[in-house]
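A.B. asks: For reference, the structure I am asking about is given below.
The values are calculated or read from the model by the stated rules, or taken from the named source; none is laboratory data. Values in this document were obtained by computation on a predicted structure and should not be read as measured data. We place every Cβ from the backbone using ideal geometry, glycine too, and count neighbours over all the protein chains shown. Heads up: the accessible areas ignore ligands, DNA and RNA and are worked out on the full protein's heavy atoms, side chains in. Shrake-Rupley method; radii C 1.70, N 1.55, O 1.52, S 1.80 Å.
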Amino acid sequence: MKNIAVLLSGGVDSAVVVHQLAEQGLKPDCFYIKIGPEEQEEWDCSSEEDLEMATAVARRYGCRLSVVDCHKEYWDEVTRYTMDKVRRGYTPNPDVMCNRLIKFGAFDRKMGHDYDLIATGHYAQTETIDGEKWLTTSPDPVKDQTDFLAQIYDWQLRKAIFPIGHMMKDEVREIAEREHLVNAKRKDSQGICFLGKINYNDYIRRYLGEQPGDVVELETGKLIGQHRGLWFHTIGQRKGMGFGGGPWFVVKKDVETNTLYVSHGYDPDTAYKQQFPVHDFHFLTAKELPREVTFKIRHTPEWHHATIEKTADRQYIVHSLDRIHGVAPGQFCVVYDAEHHKCYGSGEITI
């Protein structure tokens, strides 16, 4: 029998993972990972309530629960990655790198190396196809989290299992309520995992401060106002601009001149792209992309058809059949097969 570790967060999804494994007669070891940018309590997403919930679930099924402190690793790896990207004007995804560097990385170095399999509550599946293990999509398009897993390493994928990945979210809730799990009615976490109630801009401000610069209308060159830092804005942003005469849309960031370019009107053409380059493509299983693919650039139920043009090793141009809103450098373009089933991996968008 294989040794299984469950990453237990305190939420309903990972709780049902423990239940599902227990139903199979298994008694996995459970681990609660403490992560965050620093030790200060108000910036710590490892809340007492989360740990209490995780403890109650582990006790319910007679499983051992251990707390693994990954604060330092999160700061050294994920927060550094995030700040480096936003400082350079990019749009990073800390949750993607958290899976690769912490949940399947630092945890494995600290504890997971003793286990054959690591189970999480992600909405994703794995399938063996022609003798190789693939990451495949969940039947729940709203909850599907393959995009957050598309940067994990191949050895991490080989150890990963997702016991609720074949379910719809409503099914998971029904199981939790039927079994009277302590966290059955807990709301899903929102946003970046470690922030909790902390505003993302406050988090960025804590480490990078403010750097005021000009806001300019792209089409006319007219000065619209001042921004407090390019890192507080993302390409395609429509809200929270604070300038009169709107609506305004962020369409470009010039890091060298510290200028934020905006466009006026409702959904201006400058906010859309149909082709864009992707570099350093990270493969999960296969090492080449087919010509006909589907893809997504953000965590939404929608995905798009495209053709892929290879320009160099792990460098591609995506030719989308649709006009895509808010394509920004630093985002991950996650690529799937034409049926949007098998996930090939992801690469970083460059503009």
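A.B. asks: Taking R186 as the residue in question, decide whether it is basic (K, R), modelled with pLDDT of 95 or more and farther than 24 Å from H325 by Cβ. Lay out the reasoning, then the answer.
C.D. replies: Numbers: basic (K, R): yes; modelled with pLDDT of 95 or more: no; farther than 24 Å from H325 by Cβ: yes.
For R186, the condition - basic (K, R), modelled with pLDDT of 95 or more and farther than 24 Å from H325 by Cβ - is not met.
A.B. asks: Further question on the same structure: Of everything in the stretch 48-75, what is among the small types (G, A, S) and either farther than 11 Å from I33 by Cα or touching a helix residue (DSSP H, G or I) at 6+ places or on another chain (Cβ under 7 Å) (or both)? Give them in sequence order. Walk me through it before giving the result.
C.D. replies: Step one: list which residues in the stretch 48-75 are among the small types (G, A, S), which gives 54, 56, 58, 62, 66.
Across the stretch 48-75, the qualifying residues are A56, A58, G62.
A.B. asks: Another question, if that's okay. Inside the stretch 33-151, counting only helices (runs of 4 or more DSSP H) that do not spill past its ends, which hold 1 or more residues that are within 19 Å of the chain's Cα centre (by Cα)? Spell out the reasoning first.
C.D. replies: Details: elements: 48-60, 80-87, 94-98, 107-110, 146-149.
In the stretch 33-151, the matching helices (runs of 4 or more DSSP H) lie at 80-87, 94-98, 107-110, 146-149.
A.B. asks: State whether the residues of the stretch 333-349 include one that is open to solvent by less than 20 Å² (accessible area, probe 1.4 Å), among the basic types (K, R), closer than 30 Å to W155 by Cα and assigned to a strand (DSSP E or B).
C.D. replies: no
A.B. asks: Kindly indicate the residue of the stretch 306-332 that is farther than 17 Å from R100 by Cβ and not in a strand (DSSP E or B) and also most open to solvent (accessible area, probe 1.4 Å) among those meeting that condition. If you could, list the steps in order and put the result at the bottom.
C.D. replies: First, pick out the residues of the stretch 306-332 that are farther than 17 Å from R100 by Cβ: 306-313, 315-329.
If we keep only those that are not in a strand (DSSP E or B) as well, we get 313, 326-329.
Numbers: D313: 117, G326: 1, V327: 8, A328: 1, P329: 28 Å².
Among them, the one singled out is D313.
A.B. asks: Sort out which residues of the stretch 74-98 are touching a Ser or Thr at 6+ places or on another chain (Cβ under 9 Å) and either surrounded by fewer than 18 Cβ atoms within 10 Å (Cβ to Cβ) or under 21 Å from S9 (Cβ atoms) (or both), and write them in order of number.
C.D. replies: N93, P94, V96, M97
A.B. asks: What's the number of the only condition in (1) hydrophobic (A, V, I, L, M, F, W, C); (2) open to solvent by less than 40 Å² (accessible area, probe 1.4 Å); (3) under 22 Å from the mean Cα position of the chain (by Cα); (4) within 24 Å of I129 (Cβ to Cβ) that W303 fails to meet?
C.D. replies: (2)
A.B. asks: Hey, among R314, R323, which residue is on the phi > 0 side of the Ramachandran plot and among the basic types (K, R)? Give the steps one after another, and end with the answer.
C.D. replies: Details: R323 fails: on the phi > 0 side of the Ramachandran plot.
None of the other options fit; the residue is R314.
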